[in-house]
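Take a look at the structure below.
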Amino acid sequence: VSGEYMQGSRLLFQPGKAITPQFATNLVNQKDAVIVDVRAADEFREGHIPGSVNIPQSQVTDRMGELEKYKEKPLILTCKMGNQAAHLGRQLRNKGFSELYRIQGGVTAWRNDNLPVSKG
């Protein structure tokens with residue numbers, strides 16, 4: 001098996017590059033990245049990253065069409081701590097999404113960095 005093939009198959013299972021909240025902000029500002037929050041709707045309403053889109057993990061399969069419109073943009077996935085976002089990243093990679101990121105530490109890390117949070 002060639003190294004090239006191995007690298008390609010490994011890429012297929014990558015959940016997205018882990019990035020800091022600050023790097024996520026830079027991607028949104030410089031590349032028009034979209035932040036997708038996979039937490040439950042009630043958690044999202046309690047506080048989320050401004051401008052993020054809420055598609056709860058339990059609804060991802062049914063709402064995949066909503067994500068399709070962002071296929072050409074960098075997609076930043078987040079959840080409470082980062083674990084659910086990694087799972088979604090693997091699903092999206094298999095659906096052809098290529099520029100995937102996930103916020104390491106999720107919304108918790110975002111808050112810990114004293115970055116703005118929206119409610120509602």
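Annotations for the structure displayed:
- Projecting the Cα atoms of Q91, A40, N112 onto the charge dipole of segment 39-120 (Cβ charges, centred on the Cα centre) puts Q91 farthest toward the positive pole.
- Share, in percent, of DSSP beta bridges within the chain that are antiparallel, nearest 5: 10 percent
- Taking each DSSP H run with n ≥ 4 as -39500 (n - 2.57) and averaging over every residue of the chain yields -11500 deg cm²/dmol at 222 nm.
- Once the gyration tensor of the Cα atoms in the chain is diagonalised, the equivalent ellipsoid follows with semi-axes of 24, 16, 13 Å, ordered largest first.
- Built amide H within the under 5 Å cut-off of V53, gap 5+: I35, V36, D37
- R102 long-range amide H proximity, modeled H, under 5 Å: K17, A18, I19, L77
- Estimated dipole of the chain in Debye, rounded to 20 [Cβ of Lys and Arg +1, of Asp and Glu -1, Cα centre]: 140 debye
- Loop trypsin sites (Lys or Arg not before Pro), segment 78-120 (other Cβ atoms within 10 Å of the site Cβ: 15 or fewer; DSSP): K95, K119
- GluC sites (Glu not before Pro) within segment 41-91, DSSP loop, no more than 15 other Cβ atoms inside 10 Å: E72
- Geometric descriptor of segment 20-59, per residue, is 68 Å³ (volume of the convex hull of the Cα atoms).
- Charge dipole (debye, nearest 20) of segment 16-70; +1 at Cβ of Lys and Arg, -1 at Cβ of Asp and Glu: 220 debye
- Apportionment of accessible area to carbon and sulfur, the chain, percent (1.4 Å): 48 percent
- For a label point 7 Å along the Cα-to-beta-carbon line of D113, residues of segment 70-88 with backbone N under 17 Å: 74-83, 85-86
The values are calculated or read from the model by the stated rules, or taken from the named source; none is laboratory data. Model, not experiment: these values are computed from the prediction. Note that we place each Cβ from the backbone using ideal geometry, even for glycine, and neighbour counts take in every protein chain shown. Protein only, heavy atoms only, side chains kept; ligands, DNA and RNA dropped before computing areas. Shrake-Rupley method; radii C 1.70, N 1.55, O 1.52, S 1.80 Å.
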